[in-house]
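Step one of this worksheet: look at the structure below.
The values are calculated or read from the model by the stated rules, or taken from the named source; none is laboratory data. These numbers come from a predicted model, not from an experiment. Heads up, the Cβs are rebuilt from the backbone with ideal geometry, glycines too, and the neighbour counts pull from every protein chain shown. For accessibility, only protein heavy atoms count, side chains too; no ligands or nucleic acids. Shrake-Rupley method; radii C 1.70, N 1.55, O 1.52, S 1.80 Å.
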Amino acid sequence: MRVDKLLTHMGVGSRKEIKGLAKSGRIAVNGQTVKDSGQQVDPAADEITVDGRPIVYKEFVYLMMNKPPGVVSATEDNRDRTVIDLLSEEHANFQPFPVGRLDKDTVGLLLLTNDGKLSHELLSPRKHVPKTYYAEVEGDVDERDVAAFAAGVKLDDGYVTLPAVLTVLERSSDGPNGLSRIELTITEGKFHQVKRMFLAVGKRVRYLKRVSMGPLKLDPELGEGSYRELTEEELALLQCRE
């Protein structure tokens, strides 16, 4: 790989800026100053430094975000801020994309990566990767709803969902005028699915937060709008599904 391509990929600068760094003698490969930014290097074997700072090459980036409300799960949008707008230049340089989508007003766990293979594995309908949500629902969610979700409910377009696990954490103390708190695990990802499932049983979701996707659980230390790279252990859990 050309050294300028490697350094650009790692967010050091543009091709033009890297060329300037090389001409200034600020780039070294295995301790030797590199004047030609087009020099070939082996990312796995060569030690590359800029101003003495080691640059460790990696092809992929894996980010866990606690998506805030009001931000869309897309790489670009003409009207609204996207989750990519929340990334630092260092991470945005990898050109990651969201793995699946959360509604604009839904918060919680969102994985961003530039690893297309892993994304496909997690999103493939054949894999039935479980996704768990916490929700606050208008009205009294009871055992009839639990049974209905376990059997699969018919959405507004006639589609019958796969069986889902509904756990009632707290039933409304004010009947239809109060809020119930629940967790719901589904294994598919239809448009607005959680909200539409509750509408199918005559209830409306007021607040929705994704807390897990497959083996990956939202870090409770991550505030809304914050993100971090996955740990090696978290990445290994996701990759072992492949």
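Summary of values
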quantity	calculated
In the range 44-75, the residues that are open to solvent by 10 Å² or more (accessible area, probe 1.4 Å), under 11 Å from the mean Cα position of the chain (by Cα) and either closer than 15 Å to Thr33 by Cβ or of a type outside the set (Gly, Ala, Ser) (or both)	Tyr62
Qualifying residue in the range 33-43 (condition: crowded, with 16+ Cβ neighbours inside 10 Å, of a type in the set (Val, Ile, Thr) and touching a residue at least 24 places away in the same chain (Cβ under 8 Å))	yes
Pick from the range 9-23, criterion surrounded by 15 or more Cβ atoms within 10 Å (Cβ to Cβ) and without any contact (Cβ under 8 Å) to a residue 24 or more places away in the chain, ranking: farthest from Ser88 (Cα to Cα)	Ala22
Unique residue being in contact with a Gly (Cβ under 6 Å, 6 or more places away or on another chain), open to solvent by 20 Å² or more (accessible area, probe 1.4 Å) and of a type in the set (D, E, K, R) when the list is Arg26, Arg2	Arg2
Filtered residues of the range 60-83 (kept if in contact (Cβ under 8 Å) with a residue 24 or more places away in the chain and outside any strand (DSSP E or B))	Phe60, Val61, Pro68, Pro69, Gly70, Val71, Ser73, Ala74, Asp80, Val83
Given (1) open to solvent by less than 70 Å² (accessible area, probe 1.4 Å); (2) without any contact (Cβ under 8 Å) to a residue 24 or more places away in the chain; (3) touching a Phe, Trp or Tyr at 6+ places or on another chain (Cβ under 6 Å), index of the condition Asn114 fails	(2)
Tabulated pairs, the range 202-217, first touching a residue at least 40 places away in the same chain (Cβ under 8 Å) and assigned to a loop (DSSP other than H, G, I, E, B), second hydrophobic (A, V, I, L, M, F, W, C) and open to solvent by less than 70 Å² (accessible area, probe 1.4 Å), C-beta under 7 angstrom, 6+ apart or interchain	Lys203/Val137; Lys203/Val141; Gly214/Leu122; Gly214/Val129; Gly214/Leu238
